[in-house]
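**Q** Can you read through this structure? Questions will come right after.
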Amino acid sequence: MDSEELIEEALKNIREDRQETADLLKELKTEIQSGDTTHSRSGVVAAKYLETLQRSNEQMVKIVGIINKNKEKEIDVSLSSDEKENIFEAIREAV
């Protein structure tokens, strides 16, 4: 599995985790609003869900950094004909 496939799989997992966590947070919010539970009893659980979402944000930022770093490496640094000729002339003059 190459790095691009690993990145895609990681992003897929992050998206799925975020969706599941968001669904659980919505469910908890509904329970609090309906009075089935209280904020004081379920606040710690809600905080954990939000921490999970924050960690996934951090993971996505890291992946974007990796992608950008890889793109920077792919920048074409080929020389024009004039640049090649200038280098060749400089070598010839140095010899």
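The values are calculated or read from the model by the stated rules, or taken from the named source; none is laboratory data. Keep in mind that what you see is a predicted model, and the values were worked out from it rather than measured. As a convention, Cβ positions derive from the backbone with ideal geometry for all residues, glycine included, and neighbour counts pool all protein chains shown.
**Q** Let me confirm something: among S56, S40, which residue is among the polar types (S, T, N, Q) and surrounded by 15 or more Cβ atoms within 10 Å (Cβ to Cβ)?
**A** After ruling out the rest, the residue left standing is S56.
**Q** Same structure, new question: Mind checking which residues of the stretch 36-77 are under 18 Å from T21 (Cα atoms), among the polar types (S, T, N, Q) and under 22 Å from the mean Cα position of the chain (by Cα)?
**A** Matches in the stretch 36-77: T52, Q54, S56, N57, Q59.
**Q** So which residues in the stretch 59-89 are more than 30 Å from L6 (Cα to Cα), exposed (fewer than 10 other Cβ atoms within 10 Å of the Cβ) and of a type outside the set (D, E), if there are any at all?
**A** Of everything in the stretch 59-89, those that are more than 30 Å from L6 (Cα to Cα), exposed (fewer than 10 other Cβ atoms within 10 Å of the Cβ) and of a type outside the set (D, E) turn out to be S80, S81.
Table: residues versus (1) in a helix (DSSP H, G or I); (2) at pLDDT 90 or above.
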site	(1), (2)
K48	yes, yes
Q54	yes, yes
K69	yes, no
S78	no, no
D82	yes, no
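**Q** Now for a different question. For the stretch 17-35, indicate whether the set of residues that are modelled with pLDDT of 90 or more and not in a helix (DSSP H, G or I) is non-empty.
**A** yes
**Q** Within the stretch 1-30, which residues are more than 12 Å from the chain's Cα centre (by Cα), loosely packed, with under 13 Cβ neighbours inside 10 Å and among the charged types (D, E, K, R)?
**A** Across the stretch 1-30, the qualifying residues are D2, E4, E5, E16, E20, D23, K26, E27.
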